[in-house]
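First comes the structure, then the notes that go with it.
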Amino acid sequence: VAFTRGMATEFTCNSLLPSMNLSSLAYVSVILFNFMGFEVLNSFTSEMENPRRQVPQAIVAGGIAIAFLYIFSSFGIGVAIPAEEINTSNGLVESLQLLTGTTMGTFITIMGTLFLISLVGNMLSWSYGVNYVASYAAKNNSMPAIFGRLNEKTGMPLGAPLVNGLVASTLVIIAPFLPSQDLFWNFFALNIVTLLLAYVAVFPAFLKLRQIDPDRERPFKIPGGEFRLRIIAYLPMVLLLIAIMFSVVPLELSAEELSFKIPLTVGTILAIIAGEIMAARAVRVSNNSR
């Protein structure tokens, strides 16, 4: 299509470079969100034959695949629809409709089905690791006890996937009835910010564990001296903090910016308070059990 009919979006060196205005920096959080989940594979090191070799291979292969697929799909949508007209909710469907010249058809149905299958596969693989983390946290009193329930036959987490499924199903059901799709994207943005916040503490924790327990045998251990490990830890942590700041803090005083950022800021503060309450409860229960 790009060679025969031209491109709806102009692709030049200048247009491909990121804009340095403050508003565009808010998208850094979305870019980071797309790469979240690499750490989940470390939950399965006990099931790997050679985690020291397989973990780096999985990280490199996954990073290349994710970057290629996102760039390739974004380019395809940009070819069909001008960048300024791309709808965040329906951009994929609209691009397929423009490419085929029909609103429905066999091709669109097949592509839509494949897209749904990819979403299901993504959620299953992600949830598999996340449920184990939530279950482990519940067993250590860091989360409500319901997250720690296990299936008696398989030993797999039961409470965590039930809670996740209930929350996700509720959002899917109420989404069509929301007065504005902006409310849905507010929830999505809050999900991104709280997820990024959860990762911030991981990096100093990594350095702390290396410091207080350096000789422990680990299935996979990042090689390098203290300076290299600090670079590896602090660089992504700084990127996370920058992404969170530009996602939550209003960058201008326009009504649109304030109406989106203020609820997001309030939601983030409430999420932090809820997390601190659970952390304080975990410490109290741990002290009482000694």
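Things to note:
- Shape category assigned to the range 156-243 from the gyration tensor of Cα positions, a/c cut at 1.5: oblate
- Label zone (V167, point 7 Å along Cα-to-C-beta; backbone nitrogen cut-off 18 Å) within the range 232-268: 264-268.
- Less than 5 angstrom separates the built amide H of R149 from those of L158, G159, A160, all sequence-distant by 5 or more or on a different chain.
- Once backbone amide H atoms are built at 1.01 Å from N, S142 has no partners under 5 Å, excluding neighbours fewer than 5 places away on the same chain.
- Cα extents for the range 104-177 along the principal axes, largest to smallest and rounded to whole angstrom: 51, 29, 20.
- Inter-label distance, V93 to I64: 3.6 nm, where each label sits 7 Å from its Cα along the C-beta direction.
- Per residue, the convex hull spanned by the Cα atoms of the range 206-290 measures out at 140 cubic angstrom.
- Whole-number percent relative contact order across the range 185-290, with pairs defined as alpha carbons under 8 Å at least 6 apart: 36 percent
Computed from the coordinates by the stated procedures, all read-outs in this text should not be read as laboratory data. Being a predicted model, the structure only gives us computed values, none of them experimental. Using ideal geometry, Cβ is built from the backbone for each residue, glycine included, and neighbour counts are taken over all protein chains shown.
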